[in-house]
Amino acid sequence: MSKKELSRVEVMERIKAKKMTQKKASEALGLSVRHVRRLWKNYRKKGTASLISKRRGKPSNNRLPPERKEKAIDILHSQYADFGPTFAHEKLVEQHGLKLSLGSVRQIMIAEKLWTPRKAKKIVAHQMRERRACLGELVQIDGSPHRWFEERAAACTLLVFIDDATGRLGELRFVASESFFSYVAASRAYFERHGKPVAFYSDKHGIFRVNQPSVGLGESLTQFGRAMQELEVAIICANTPQAKGRVERVNLTLQDRLVKEMRLLGISSIEEGNAYLPEFMEDFNRRFGVVPRSSNDAHRPLLLKDDLDQILTWQETRGISKNLSIQFKNVVYQIQTERPTYALRKAKVTVCLDAKGKVSILYKGKELAYTIFKKQAKQAEIMTSKDLDRKVNKIRKGHKPAPDHPWRSGFSTPISGPKADIST
């Protein structure tokens, strides 16, 4: 008997011993006096057995129809075998029109051994931080390397921008790896769509922070930090992954949902993936976005002085030599000018490199004409650990001949006269 039924037996015994009235019994059991009278009548005739539910051991009236359950099992095995219960339930309802609860899908997947409930992990206490109040006040950014296209394409990195106040995705972009140019391209798309946020919240990757303690008199800002400073966007670096947990958790969600959505759509390249991402973001934000505590939007519009074409470039300072030349990235640039040569000797110029490899040389904000004098031999390249595998793989592949190269069509041996006997 259940606890509920045992409590009823106890109350019936007290009524029998005339220690409790039926009205008091109704209050104790939370039932009407009429129902208590009915229970007491059956108890006097049949005893304790009358208080046991007659529906015990019988199938529920609200059980899932067998044919609907079988259809759900067939679809789960054929299309959603590696989906989680929540994601699989969404697809069964939206794509296949099956009316069933999330709990039913979870129990079916457990019974079919398609999903195993996670074991409770050891709880580690981290200081909780409340969401920011305004949209655009703090945007968490991160790069997530993963096999986003599974075996259909090589592994790549997804850059993720998520608003702290609303949990909405502001920008997603597939790139080969985390780099200065990939982050400024994603940031530019974010600025043009939403405006400039107050701050970016990132990890301590070398793109966002100078991590060498012995930099001496070198620059205290990275190239990305310099660009964001010119745009008046602060960069805050988290000390632990848990501190920027919102973007870390959404990375795991994207590695589950986004991968499977692209599999269903047959997306197999970075270009196709980037074309699909706006549609995915809209659906994701509709499902998981929350309303901020404040209706104020902290984003600021781009100003006329915010020349993104120039600001979002790799910039280094050089001194012009006596013969009006500078060296940048192992290339010597000869300055061409009509003014007296002594005016530019030892002058400081800014060399700007954009994502397409175009070099501009600026002197007091104006661009100088130049010619390439001589290419220098390549020196040892400094590279982060995140880019090491990509660089080694690129070196191992080596040069790839063109499709019409004679090497691909093979070489024919000309027919000659009788072969000479060289055995003697």
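The values are calculated or read from the model by the stated rules, or taken from the named source; none is laboratory data. The structure displayed is predicted, hence computed values, not measured ones. So basically every Cβ, Gly included, is an ideal-geometry build from the backbone, and we count neighbours across all protein chains shown.
Please return the ranges of helices (runs of 4 or more DSSP H) entirely within the stretch 1-70 where 2 or more residues are under 30 Å from Ile108 (Cβ atoms). It would help to see each step written out before you state the result.
Details: elements: 3-16, 22-29, 33-46.
Per the criteria, 3-16.
Go over the candidates Ser220, Ser202, Ser214 one by one and state the one that is surrounded by 15 or more Cβ atoms within 10 Å (Cβ to Cβ) and modelled with pLDDT under 95.
On the way: Ser220 fails: surrounded by 15 or more Cβ atoms within 10 Å (Cβ to Cβ); Ser214 fails: surrounded by 15 or more Cβ atoms within 10 Å (Cβ to Cβ).
Matching residue, one of Ser220, Ser202, Ser214: Ser202.
Exactly one of (1) of a type in the set (D, E, K, R); (2) touching an Asp or Glu at 6+ places or on another chain (Cβ under 9 Å); (3) modelled with pLDDT of 70 or more is unmet by Lys358. Its number?
(2)
Of all residues in the stretch 346-360, which are closer than 13 Å to Ser321 by Cβ and either of a type outside the set (Lys, Arg) or part of a strand (DSSP E or B) (or both)? Quick ask: steps written out before the conclusion?
In the first step, residues of the stretch 346-360 are kept if they are closer than 13 Å to Ser321 by Cβ; the result is 346-349.
Once the filter is applied, which keeps residues that are closer than 13 Å to Ser321 by Cβ and either of a type outside the set (Lys, Arg) or part of a strand (DSSP E or B) (or both), the stretch 346-360 yields Ala347, Lys348, Val349.
Among residues belonging to the stretch 150-166 that are hydrophobic (A, V, I, L, M, F, W, C) and assigned to a strand (DSSP E or B), point out the one that is surrounded by the fewest Cβ atoms within 10 Å (Cβ to Cβ).
Filtering the stretch 150-166 down to residues hydrophobic (A, V, I, L, M, F, W, C) leaves 153-156, 158-162, 165.
The next check asks that each one be assigned to a strand (DSSP E or B); those that pass are 156, 158-162.
Working: Cys156: 19, Leu158: 23, Leu159: 21, Val160: 21, Phe161: 24, Ile162: 26.
Selected residue: Cys156.
Could you please let me know if Gly319 is surrounded by fewer than 16 Cβ atoms within 10 Å (Cβ to Cβ) and in the same structural domain as Gly195 (by TED's automatic domain parsing)? Full working, then the answer.
Numbers: surrounded by fewer than 16 Cβ atoms within 10 Å (Cβ to Cβ): yes; in the same structural domain as Gly195 (by TED's automatic domain parsing): no.
The answer is no for Gly319.
Which of (1) aliphatic (A, V, I, L, M); (2) farther than 16 Å from Ser187 by Cα; (3) not assigned by TED's automatic domain parsing to the domain that holds Leu221 is the odd one out, the single condition Leu302 does not satisfy?
Single failed check for Leu302: (2).
From the list Lys366, Lys419, Lys378, Lys400, which one is modelled with pLDDT under 65, farther than 30 Å from Gln212 by Cβ and exposed (fewer than 10 other Cβ atoms within 10 Å of the Cβ)?
So the residue among Lys366, Lys419, Lys378, Lys400 that is modelled with pLDDT under 65, farther than 30 Å from Gln212 by Cβ and exposed (fewer than 10 other Cβ atoms within 10 Å of the Cβ) is Lys419.
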